[in-house]
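Peer 1: Got a structure for you, questions after.
The values are calculated or read from the model by the stated rules, or taken from the named source; none is laboratory data. Quantities reported herein were computed from a predicted structural model and do not represent experimental measurements. Note: ideal-geometry Cβ built from the backbone for every residue, glycine included; neighbour counts use all protein chains shown.
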Amino acid sequence: MNYTKLLIIGSGPAGYTAAIYAGRANLNPTLLEGLQPGGQLTITTEVENFPGWAEGVDANELMDNMRRQAERFGTKMLPNVATKVDLDVRPFHVTLDDGSEWTADSIIIATGASAKYLGLSDEQKYMGQGVSACATCDGFFYRKKVVAVVGGGDTACEEASYLAGLASKVYLIVRKPYLRASKIMQDRVFNNEKIEVLFETNTLGLYGENGVEGAHLVFRKGESDERKYDLPIDGFFLAIGHHPNSELFTSWLKTDENGFIITEGDSPRTSVPGVFAAGDVADPHYRQAVIAAGSGAKAAMEAEKFLLS
Ligand code: NDP
């Protein structure tokens, strides 16, 4: 059995920032980096809105710096995933994917969120063969090809703009008659001649012999105007939001109807004393790296207070 005073689960901006603060408070935290060290940011390219980088910063460089900063103050990094937790016992009990067992006096959950899919069986069928939820990971394969992006938020606009730099044509499939994205993102989309927005349109399925060759779409305006048609495309990108990676904890912690961990007021305190939540796993609204980092700092400060008491 291994023991750590503070276990941080997750390695995005929230997890690493919690580790920096906890390390500087001499808590010698252990951090589980999980399947995607650095978190969601590592699948984007440039981050333009993290304060301190006037010209923007490469997302991987930003995360690598956070990681090294956390290590510098004594964080032990493990390349593992937690597979089971028991938050009823003290110290808390956590099992990792390599079978090792850990106990911890306090836990910070910073497991982030994952991309959502529409739930079509065709998404599974063509996964990796034309279906993707990450334009910056897979966009390269669609140079000079025709792709579609689903969604009307900032992510969808960002992905569509990114893909327009590679593909010959990008359709943005939006279920409402307007975009939810911020004005600046909308402008980027509307001013890009390679992007065509298909408002009030939903995807019914995908087709193709060898990977995606097109999408079955339906345009709906009110109740009477409905038109089904097929749109030839080579790639189908999902950008319809994220769901929190909180499944492991839902038997122990209060979550909202979408699975986001509920914390007390403006604090990172969960419904179990000694367990704190930071970053996107507890943030249905903002989902920003800088906010995740801030909440990681708060979680570490709260954990320190808890451990002292
Ligand atoms: P959002 O929740 O903001 O947007 C999701 C979009 O997907 C909405 O347009 C929604 O439609 C649509 N959608 C959801 N479910 C379906 C479905 N089943 N079928 C079709 N469309 C669907 O998520 P984002 O990931 O875009 O953004 C999350 C947060 O991150 C936001 O706060 C955003 O501002 C921020 N962000 C900021 C960036 C930046 O500043 N650079 C970049 C990326 C994200 P509807 O509108 O109809 O609900």
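Here is a yes/no grid of residues against (1) buried (at least 21 other Cβ atoms within 10 Å of the Cβ); (2) closer than 25 Å to P51 by Cα:
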{"residue": "M63", "(1), (2)": "yes, yes"}
{"residue": "A70", "(1), (2)": "yes, yes"}
{"residue": "K84", "(1), (2)": "no, no"}
{"residue": "V89", "(1), (2)": "no, no"}
{"residue": "W102", "(1), (2)": "yes, no"}
{"residue": "C134", "(1), (2)": "no, yes"}
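Peer 1: Considering only residues of the stretch 35-50 that are away from the ligand (no atom under 13 Å from the Cβ) and within 18 Å of R287 (Cβ to Cβ), which is surrounded by the most Cβ atoms within 10 Å (Cβ to Cβ)? If you could, list the steps in order and put the result at the bottom.
Peer 2: Within the stretch 35-50, the first condition is being away from the ligand (no atom under 13 Å from the Cβ), and the residues that meet it are 35-39, 42.
With the extra rule that they be within 18 Å of R287 (Cβ to Cβ), the set shrinks to 36, 38-39, 42.
Values: Q36: 16, G38: 21, G39: 27, T42: 17.
Among those that are away from the ligand (no atom under 13 Å from the Cβ) and within 18 Å of R287 (Cβ to Cβ), it is G39.
Peer 1: How many residues are assigned to a loop (DSSP other than H, G, I, E, B), buried (at least 24 other Cβ atoms within 10 Å of the Cβ) and either without any contact (Cβ under 8 Å) to a residue 40 or more places away in the chain or of a type in the set (S, T, Y) (or both) if we restrict to the stretch 264-303? Walk me through it before giving the result.
Peer 2: Within the stretch 264-303, the first condition is being assigned to a loop (DSSP other than H, G, I, E, B), and the residues that meet it are 264-268, 270-274, 278, 283-288.
Within this subset, residues satisfying the condition of being buried (at least 24 other Cβ atoms within 10 Å of the Cβ) are 268, 270, 278.
Next, from what is left, pick out any that are either without any contact (Cβ under 8 Å) to a residue 40 or more places away in the chain or of a type in the set (S, T, Y) (or both): 270.
Residues meeting the conditions: 1.
Peer 1: In addition: Among the residues of the stretch 176-199, how many are crowded, with 17+ Cβ neighbours inside 10 Å and either within 10 Å of the ligand (Cβ to nearest atom) or among the aromatic types (F, W, Y) (or both)?
Peer 2: Total satisfying the criteria: 3.
Peer 1: If you take the residues of the stretch 122-134 that are assigned to a helix (DSSP H, G or I) and in contact (Cβ under 8 Å) with a residue 24 or more places away in the chain, which of them is nearest to A277 (Cα to Cα)?
Peer 2: The initial filter retains those residues of the stretch 122-134 that are assigned to a helix (DSSP H, G or I), namely 122-125.
Narrowing the set further to residues that are in contact (Cβ under 8 Å) with a residue 24 or more places away in the chain leaves 122-123, 125.
Values: D122: 35, E123: 31, K125: 35 Å.
Among them, the one singled out is E123.
Peer 1: Any residue that is modelled with pLDDT under 95, in contact with a helix residue (DSSP H, G or I) (Cβ under 8 Å, 6 or more places away or on another chain) and not charged (D, E, K, R) - is there at least one of those in the stretch 63-84? Show your work before the answer.
Peer 2: Taking the stretch 63-84 and keeping what is modelled with pLDDT under 95, we get none.
No, every residue in the stretch 63-84 fails to be modelled with pLDDT under 95, in contact with a helix residue (DSSP H, G or I) (Cβ under 8 Å, 6 or more places away or on another chain) and not charged (D, E, K, R).
Peer 1: Please go through the stretch 138-157 and pick out each residue that is closer than 15 Å to G241 by Cα and either more than 10 Å from the ligand (Cβ to nearest atom) or surrounded by 21 or more Cβ atoms within 10 Å (Cβ to Cβ) (or both). Outline the logic, then answer.
Peer 2: Keep residues of the stretch 138-157 that are closer than 15 Å to G241 by Cα, which gives 149-157.
Matches in the stretch 138-157: V149, V150, G151, G152, T155, A156, C157.
Residues are listed down the side, and each one gets a yes or a no for (1) on the phi < 0 side of the Ramachandran plot; (2) in contact with a strand residue (DSSP E or B) (Cβ under 8 Å, 6 or more places away or on another chain); (3) of a type in the set (S, T, N, Q):
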residue	(1), (2), (3)
T42	yes, no, yes
G56	no, yes, no
Q69	yes, no, yes
G74	no, no, no
D88	yes, no, no
F92	yes, yes, no
S100	yes, yes, yes
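Peer 1: Among what's in the stretch 200-219 and is among the polar types (S, T, N, Q) and in contact (Cβ under 8 Å) with a residue 40 or more places away in the chain, pick the residue that is farthest from the ligand (Cβ to nearest atom). First the steps, then the outcome.
Peer 2: Going residue by residue through the stretch 200-219, those that are among the polar types (S, T, N, Q) are 201-203, 210.
Checking which are in contact (Cβ under 8 Å) with a residue 40 or more places away in the chain leaves us with 203, 210.
Working: T203: 7, N210: 26 Å.
Checking each candidate, the answer is N210.
Peer 1: Within the stretch 229-263, take every residue that is exposed (fewer than 15 other Cβ atoms within 10 Å of the Cβ) and within 16 Å of the ligand (Cβ to nearest atom) and give me the one that is nearest to the chain's Cα centre (by Cα).
Peer 2: Looking at residues that are exposed (fewer than 15 other Cβ atoms within 10 Å of the Cβ) and within 16 Å of the ligand (Cβ to nearest atom), I get N258.
Peer 1: Look through N258, N245 and report the one residue that is at pLDDT below 95 and within 30 Å of L87 (Cα to Cα).
Peer 2: Numbers: N245 fails: at pLDDT below 95.
Unique residue meeting the criteria: N258.
Peer 1: Under 8 Å between Cβ atoms, at least 6 apart or on separate chains: pull out the pairs that start in the stretch 176-192 with a residue that is closer than 13 Å to Y162 by Cα and end on any residue that is acidic (D, E).
Peer 2: Qualifying pairs under 8 Å: M185/D154; M185/E158.
Peer 1: Could I ask something else about it? With the requirement that a residue be more than 29 Å from T136 (Cβ to Cβ) and either assigned to a strand (DSSP E or B) or hydroxyl-bearing (S, T, Y) (or both), what does the stretch 236-254 give you?
Peer 2: Those that are more than 29 Å from T136 (Cβ to Cβ) and either assigned to a strand (DSSP E or B) or hydroxyl-bearing (S, T, Y) (or both): T250, S251.
Peer 1: Another one. Just one of (1) modelled with pLDDT of 95 or more; (2) within 24 Å of the chain's Cα centre (by Cα); (3) within 16 Å of the ligand (Cβ to nearest atom); (4) aliphatic (A, V, I, L, M) trips up A135, so point out which.
Peer 2: All conditions pass for A135, except number (1).
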